[in-house]
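Read the figures in this text as sums done on the coordinates, not as results from a lab. A quick note: this is a predicted structure, and the numbers were derived from the prediction, not measured. Note that we place each Cβ from the backbone using ideal geometry, even for glycine, and neighbour counts take in every protein chain shown.
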Amino acid sequence: MFPLLLLNELSDMFYPRLCTACKEPLLAHEHIICLRCRIELPRTDHGLFHDNPVAVKFWGKVPIEEAAAMLHFHKGSRVQSLMHALKYKNRTDVGITLGNMLGYYCKQYHLFKQITAITAVPLHKERLAVRGYNQSAVIGEGLAEVLQVPFKGEWLERITPTATQTKKSRLARWDNVKDVFRVTDPDGIAYQHILLIDDVITTGSTLEACALKLIQSVGVKVSIAAIAFADR
């Protein structure tokens, strides 16, 4: 019987494991994202400033405690490759890895130290049935592993299916999502400080709509985090 290490090496020869970000072959000790990409992915400095670009997105719209994204998002980038694999290629392992990385980013900058639970922007049940998983929830689960805070994916529900937001203006995005979410247990989330998670922040309309529903419960505070922020 071949040793396991030799079998793995033979497998890599015929079915090479590739970095999800740069598509280069992974070394034996690398997993999902190669070490070079982990170092070179375009990290933000949002953790250094309370008035960072993500937080500013929500000023005057919804009261939040803290907000940050870990990476800059640009079309054609390695970050987009990661997001595409997570959302459309059934790569939940990428979501867990990114969630773990976001957790270490939060610890590095001492972010979200007061949160009591994590939840995620929900998918409508029809889209969830097609995709099989909620990519933001997968990120949240990976984040919860590192921050040691419970993930509560059932706290928010998307009650109406919506069209894609990709090519909509900010106003159109808001009209598309403002009334499509609900809190499933308003009394159960009372007095929680909830970290609300999404994959990529563009206009912030979806997160705003979710946060506005959450803060209607007594004593709820909301902070916001995402893997990436789409610079414009």
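General observations
- Computed over the chain: relative contact order in percent, which uses C-alpha pairs under 8 Å that are six or more apart: 22 percent
- Of LYS57/LYS87; LYS75/LYS221; LYS57/LYS89; LYS57/LYS107; LYS125/LYS213; LYS23/LYS61, those spanning more than 28 Å from alpha-carbon to alpha-carbon: LYS75/LYS221; LYS57/LYS89; LYS23/LYS61
- Between the amide H of PHE181 and those of ILE159, distances stay under 5 Å, these residues lying 5 or more places away or on another chain, with hydrogens modeled in the peptide plane.
- Sequence-ordered 3J(HN,Hα) estimates for the stretch 185-196 from the Karplus curve with 6.51, -1.76 and 1.60 and θ = phi - 60° stand at 9, x, 6, x, 9, 4, 6, 8, 9, 9, 8, 8 Hz, glycine and proline given as x.
- All-pairs alpha carbon distance profile, the chain, 10 Å steps from 0, percent: 8, 32, 36, 16, 6, 2, 0
- Kirkwood hydrodynamic radius of the stretch 14-73, from inverse mean 1/r over distinct Cα pairs, in Å: 13.9 Å
- Estimated from the Cβ-Cβ distance and a Förster radius of 22 angstrom, the FRET efficiency linking ARG43 and LYS75 is about 0.75.
- The chain: most fluctuating residue of GLY142, GLY188, GLY95 per GNM, C-alpha cutoff 10 Å: GLY188
- Shown is the FRET efficiency for THR162 and ASN90, computed with R0 = 25 Å from the Cβ-Cβ distance and rounded to the nearest 0.05: 0.65.
- Per-peptide average of other Cβ atoms within 10 Å, ordering 129-141, 45-57 highest first: 129-141, 45-57
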